[in-house]
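Colleague: Let me give you the structure first, and then I'll get to my questions.
Values in this text are rule-based calculations from the coordinates and carry no lab data. Bear in mind that the values here come from a model prediction, so they are computed numbers and not experimental data. When we count neighbours, we look across all protein chains shown, and the Cβ atoms used for this are built from the backbone with ideal geometry, even at glycine.
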Amino acid sequence: MNTWVVTLGEDAVKMVAQWIRESSYTVVLTGAGVSAESGIPTFRGRDGLWNKYRPEELATPEAFNSNPKRVWEWYKWRMELIAKAQPNLAHIVLAKMQQKDTIGPIITQNVDGLHQRAGAVDVVELHGNIWRVKCISCSYASKLDSPPEEIPPRCPECGSLLRPGVVWFGEPLPEQAIRRALQEASHAKLILVVGTSLQVYPAAYLPVLTKNYGGHVVIINPTPTPLDDEADLVIRREAGEFFEKLGKELGLI
Ligand code: APR
Ligand code: ZN
């Protein structure tokens, strides 16, 4: 299959719009890049968080067990950043596409909740949500609407530590989320892969699944990904710019 790698001519937008109209079932996979234009740093690439911080010190169960305060300081910083961030045009157009049933679920690796804040109603959060907290000892779980005052926060039921409700390296993904994502990707006739480096599994496997079941893959990313050669179309552009044009082409904005 020859892959078209295009920048962003009008014909590329028209082509994707046509594929979406013809697709009986389109799903979307997003990563940190879809929130980059909202001012939320990505993990890899030029200014990625993992260039400045070591994930082993901040995003693993071992890191939390050895220094919960340090881990919470980092999550509190990210929560404050996310609380100030606004959904960008990519989130907004994707939400409008979903409201018009143009696309099915948005499967996201992001924990920032910006798809939902943009109005998306069917979001599969593979890696959890930064506003969720859960107790490390009892079954207490809750959703915060602002960063915790005291860190590390304590469980109101048993006094033990609360941890962020996100998936850390080495942890299993939420069973229901990954099961749904695999099912949706295998049924999709088209998957739009937006703003992910496709370095982390099983999320990175989803577009391969769509392809293996005969679906088409469109990647929207300003830099190359390991899946570019398998994709039917690669749009070498930022998500905000692409979805602004697609939103206009589909008459959504
Ligand atoms: N529009 C589209 N894509 C963009 C933009 C943009 N404006 N800016 C950056 N990108 C792309 C980058 O080129 C990169 O390929 O977004 C991608 C971000 O990749 P990562 O930072 O690796 O984020 P992601 O793929 O979501 O990481 C997956 O890794 O650390 C874990 O749990 C974390 O969920 C995260 C997972
Ligand atoms: Zn508890």
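Colleague: Just for the Cα atoms in region 182-253, what are the lengths along the principal axes, largest first, rounded to whole Å?
Modeller: For region 182-253, the Cα extents along the three principal axes come out at 32, 25, 17 Å.
Colleague: Quick one: Kirkwood hydrodynamic radius for region 1-91, alpha-carbon pairs, angstrom, one decimal? It would help to have the intermediate numbers written out before the result.
Modeller: On the way: mean 1/r = 0.0607 Å⁻¹.
Here the Kirkwood hydrodynamic radius works out to 16.5 Å.
Colleague: Another question about this same structure. Counting Lys and Arg as +1 and Asp and Glu as -1, each charge on the Cβ, what is the dipole of region 115-203 about the Cα centre in debye, to the nearest 20? Present the calculation step by step, with values, prior to reporting the outcome.
Modeller: On the way: 9 positive and 9 negative charges, 33 e Å.
Roughly 160 debye, rounded to the nearest 20.
Colleague: Next question. Taking N as the number of residues in the chain, what is its alpha-carbon radius of gyration divided by 2.2 N^0.38 Å?
Modeller: Working: Rg = 18.5 Å, N = 253, 2.2 N^0.38 = 18.0 Å.
For the chain, the normalised Cα radius of gyration is 1.02.
Colleague: Could you rank the peptides 15-21, 203-209, 156-162 by their average count of other C-beta atoms within 10 Å per residue, with the highest value first? Kindly include the intermediate steps, with their values, before the conclusion.
Modeller: Numbers: 15-21: 16.4, 203-209: 20.9, 156-162: 14.3.
Per-residue mean Cβ counts within 10 Å order the peptides as 203-209, 15-21, 156-162.
Colleague: Normalise the Cα radius of gyration of region 32-137 by 2.2 N^0.38 Å (N = residues in it) and let me know the number. Mind showing how you got there, number by number?
Modeller: Working: Rg = 15.0 Å, N = 106, 2.2 N^0.38 = 12.9 Å.
Cα-based Rg divided by the globular estimate yields 1.16.
Colleague: Between residue 176 and residue 229, 0.36 nm times their residue separation minus their Cα-Cα distance comes to what? Walk me through the numbers on the way to the answer.
Modeller: Working: separation 53, 0.36 × 53 = 19.08 nm, distance 3.03 nm.
Gain on extension, residue 176 to residue 229, equals 16.0 nm.
Colleague: Would you work out the charge dipole size for the chain about its Cα centre, treating the Cβ of every Lys and Arg as +1 and the Cβ of every Asp and Glu as -1, and quote it to the nearest 20 debye?
Modeller: Values: 27 positive and 29 negative charges, 59 e Å.
The dipole of the chain has a size of about 280 debye.
Colleague: Only Cα pairs under 8 Å and at least 6 apart count here; give the relative contact order of the chain as a rounded whole percent. Present the calculation step by step, with values, prior to reporting the outcome.
Modeller: Working: 475 pairs, mean separation 68.7, N = 253.
Normalised by residue count, the contact order of the chain is 27 percent.
Colleague: Estimate the FRET efficiency between residue 145 and residue 54 by the formula 1/(1 + (r/R0)^6), using the beta-carbon distance for r and 35 Å for R0, to the nearest 0.05.
Modeller: Details: r = 30 Å, r/R0 = 0.86.
Efficiency, from the Cβ-Cβ distance: 0.70.
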